[in-house]
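Participant: Quick one: the structure is below, questions incoming.
No value in this document is a laboratory result; all are computed from the given coordinates. Keep in mind that this is a model prediction, so the values were computed, not measured. No Cβ is skipped: glycine too gets one built from the backbone with ideal geometry, and neighbour counts run over all protein chains shown.
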Amino acid sequence: MDPDAYGPAIDVRPLIPGERAALLDVLRDLDAADWGRDTACAGWPVADLARHLLGGDLGVLSGRRDGHHDPAFADGLDIATFAGLVAAIDRQNDRWAVAARRLSPRLTTDLLA
């Protein structure tokens with residue numbers, strides 16, 4: 001795949017703070033029932049999606065700042081293949097979603113902020 005096939009790169013970094021602020025505004029307005037609502041991601045209610053974003057933030061911080069990566073990420077999978085990489089990512093996301101259910105909506109929102 002030719003990276004230039006899509007045109008020149010666009011720096012979207014300046015948009016990220018506004019996007020995050022808008023997300024936080026939405027999350028802060030949700031009631032308990034809203035946090036449990038279904039989403040387009042089957043089996044993942046709003047709370048799981050918000051916590052998934054938090055997991056991404058924490059993973060980036062751990063990796064970039066601390067140089068730490070999940071030592072079990074690729075266990076039993078060949079991540080040199082596309083299917084193996086997708087399976088590892090899916091497994092990591094599923095494990096995080098289950099573990100992060102311990103976090104309240106308020107804590108999730110505060111940590112995303």
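Participant: Multiply the residue gap between Ala32 and Phe82 by 0.36 nm, knock off their C-alpha separation, and tell me the result in nm, one decimal place.
Facilitator: Result: 14.2 nm gained on full extension.
Participant: Rounded to the nearest 0.05, what FRET efficiency do Ala40 and Arg106 give with R0 = 30 Å and r taken as the Cβ-Cβ distance? Could you check?
Facilitator: Using R0 = 30 Å, I get an efficiency of 0.80.
Participant: From the Cα trace of the chain, what convex hull volume per residue do you get, rounded to a whole Å³?
Facilitator: Cα convex hull per residue, to the nearest whole number: 161 Å³.
Participant: Hey, another quick one. Note down the net charge around Ile79, summing +1 for each Lys or Arg and -1 for each Asp or Glu among other residues with Cβ under 15 Å from its Cβ.
Facilitator: Net local charge, Ile79 excluded: -3.
Participant: Further, regarding this structure: Given Cα pairs under 8 Å that are at least 6 residues apart, what percent is the relative contact order of the chain?
Facilitator: It comes to 30 percent, rounded to a whole number.
Participant: Right, here's the next one. Please identify every one of the chymotrypsin sites (Phe, Trp or Tyr not before Pro) in segment 68-113 that sits in a loop by DSSP and has no more than 16 other beta carbons within 10 Å of its own beta carbon.
Facilitator: Phe73
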